[in-house]
Structure formats: structure tokens, C-alpha cells
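Peer 1: To start, I am sharing the structure in question, which I have written as C-alpha cells.
The values are calculated or read from the model by the stated rules, or taken from the named source; none is laboratory data. All values derive from a computational prediction rather than experimental measurement. Note that each Cβ is placed from the backbone with ideal geometry, even for glycine, and that neighbours are counted across all protein chains shown.
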Amino acid sequence: MRGNRLRGRALLALALITALLLPSCGWIGSVSRENPEAKPKSGKAFVVEGEPIGTGQYRYFATEIAHPPDSADFQRKIERRMKIWGVVSAEARTRGLVPTDEEVRVSLEQQRQASRRASLERKKELTLFLERLGVTEDEYWDLPETLAQERFFLMTQSLARKIGDEIKSQPGEFEDHLRKRRQDHYRNWLDRRVDEAVVKPLGVRD
């Protein structure tokens with residue numbers, strides 16, 4: 001029974017992350033192929049929910065999105081990407097869900113090892129992403145932004161479980177149904193918070 005509950009928690013976290021975040025989860029997300037030659041402009045710095053997003057992180061986000069930087073799609077997607085980053089990071093800090101540096105390093109090393117066993121399609125996506133980012137694979141794993149992405153990934157897992165657990169099981173309820181209700185609960189919470197969030201240039205005060 002305990003094993004089933006643990007597997008259910010893992011599936012819940014994976015489903016929530018896949019459904020709610022833009023493509024940067026784990027060691028790398030799916031890189032948009034709509035305009036693979038589009039190069040992000042020089043980085044900018046912002047703050048969302050008190051969480052800073054530096055020039056390197058902004059450029060990382062821009063590389064993932066892969067739309068022309070002046071397009072409406074790019075502006076919409078990168079704004080949502082930054083809002084999700086700020087909302088999740090701030091809430092995780094408030095709830096004491098920020099992983100230690102050692103936990104992040106261990107998880108990142110697991111992702112590095114997993115990348116070596118990845119499918120050919122995933123390896124092509126990684127190569128495309130690295131080309132657009134302008135770094136080698138070895139350099140990628142040592143980037144501060146890569147470490148920050150892994151920390152965010154772990155915070156998202158923990159937060160999704162924490163908020164999802166606010167929904168209690170009902171008598172006779174199937175596990176799949178409970179998981180769906182918890183997913184919806186977290187999705188609604190995140191969407192509401194993201195809608196309320198404001199992206200500000202770093203250094204601008206209320």
C-alpha cells in the first residue's frame with residue numbers, strides 16, 4: 001500500500017510539471033522548432049514575486065522558447081515563463097521547500113547520467129538547444145542557470161505534492177480520480193497566482 005502511495009505521488013508530480021510548465025523540466029525540455037535559427041537578444045533582468053531573474057536566466061528562457069524575440073508569441077511565452085518561475089520559487093521559499101545545494105547537485109548529476117542514455121530524438125533536442133545557447137555540453141552542466149533550473153524543478157515537485165495533498169481522498173475513490181482532482185487543484189492555484197503576478201524590470205520598486 002505504501003509503495004502504491006509513493007508511486008502515486010511521483011506520478012502526480014510528473015503530470016503536474018508536464019502539464020503546467022513551459023518546456024524546461026529536468027535536464028532539458030523540448031526545444032521549439034518553429035524558428036530554430038532565432039537568437040535571443042542580450043539578456044535582461046527582471047523580478048517576479050520578489051524573485052530575481054538575472055540576465056543569464058532570461059537568456060536561458062529565451063533560448064528555450066525559440067520564437068523571434070520581437071514577436072507577440074515570444075513576449076507572451078517568456079512573460080508566463082518568468083511568472084511561473086517567480087510564483088513557484090517564492091511559494092517554495094515561504095513553505096520551506098527549497099532544496100539544499102547538495103540535493104540539487106545530486107539530482108543534476110542524475111540528470112547528466114540520464115542524458116547519456118537518452119533517445120536519439122532527445123539528444124538531437126539537446127544538441128539544438130546547446131547550439132542556440134552557445135555552449136558545449138560540458139559547459140552546460142556547469143552553468144549557474146542549469147543549477148538554478150534543477151533547483152526550480154525540485155521545488156516544483158515538492159510544491160505540487162504539498163498543494164495537491166490539500167485534496168483528501170473520498171471513500172471508495174479510485175487513485176486515478178484522486179490524482180486528477182489534485183492536478184486540477186494545483187493547476188487552478190498556479191493559474192490564479194500567475195494571473196496575479198507582475199513582471200518588473202530589476203531595480204524598479206512599487
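Peer 1: Which condition number in (1) under 26 Å from residue 67 (Cα atoms); (2) surrounded by 13 or more Cβ atoms within 10 Å (Cβ to Cβ); (3) under 19 Å from the mean Cα position of the chain (by Cα) is the one that residue 195 fails?
Peer 2: (2)
Peer 1: Residue 115 - would you say it is polar (S, T, N, Q), farther than 23 Å from residue 201 by Cα, part of a helix (DSSP H, G or I) and modelled with pLDDT of 95 or more?
Peer 2: no
Peer 1: Can you work out which of the residues in region 30-49 that are of a type outside the set (A, V, I, L, M, F, W, C) and buried (at least 18 other Cβ atoms within 10 Å of the Cβ) is modelled with the highest pLDDT?
Peer 2: Per the stated criteria, the residue is 49.
Peer 1: Does residue 106 satisfy being over 30 Å from residue 197 (Cα atoms) and modelled with pLDDT of 95 or more?
Peer 2: In short, yes.
Peer 1: Provide a single number: the residues in region 152-177 that are in contact (Cβ under 8 Å) with a residue 40 or more places away in the chain and not small (Gly, Ala, Ser).
Peer 2: The number of residues fulfilling the criteria is 10.
Peer 1: Let me ask another. Working only within region 113-158, note down all residues that are exposed (fewer than 12 other Cβ atoms within 10 Å of the Cβ) and not polar (S, T, N, Q).
Peer 2: Within region 113-158, 116, 117, 120, 121, 134, 138, 142, 144 meet the criteria.
Peer 1: Mind checking which residues of region 83-102 are in a helix (DSSP H, G or I) and either touching a helix residue (DSSP H, G or I) at 6+ places or on another chain (Cβ under 7 Å) or at positive phi (or both)?
Peer 2: Listed by number, the residues that qualify are 83, 84, 85, 87, 88, 89, 91, 92.
Peer 1: Which of the residues that make up region 193-206 are under 21 Å from residue 98 (Cα atoms) and either in a helix (DSSP H, G or I) or among the β-branched types (Val, Ile, Thr) (or both)?
Peer 2: Result: 193, 194.
Peer 1: Which residues, counting only those in region 148-192, are assigned to a loop (DSSP other than H, G, I, E, B) and among the hydrophobic types (A, V, I, L, M, F, W, C)?
Peer 2: Hits for region 148-192 are 167, 174.
Peer 1: Residues in region 89-100: is at least one closer than 25 Å to residue 198 by Cβ, touching a strand residue (DSSP E or B) at 6+ places or on another chain (Cβ under 9 Å) and surrounded by fewer than 15 Cβ atoms within 10 Å (Cβ to Cβ)?
Peer 2: yes
Peer 1: Follow-up. For region 89-101, give me each residue that is β-branched (Val, Ile, Thr) and either without any contact (Cβ under 8 Å) to a residue 40 or more places away in the chain or in contact with a Phe, Trp or Tyr (Cβ under 7 Å, 6 or more places away or on another chain) (or both).
Peer 2: 94, 100
Peer 1: Given (1) within 14 Å of residue 156 (Cα to Cα); (2) out of contact with any strand residue (DSSP E or B) (no Cβ under 7 Å at 6 or more places or on another chain); (3) touching a residue at least 40 places away in the same chain (Cβ under 8 Å), where does residue 64 come up short, assuming only one miss?
Peer 2: Here residue 64 meets the rest and fails (1).
Peer 1: If I filter region 50-67 down to residues being in a loop (DSSP other than H, G, I, E, B) and closer than 17 Å to residue 129 by Cβ, which single residue comes out as modelled with the highest pLDDT?
Peer 2: 67
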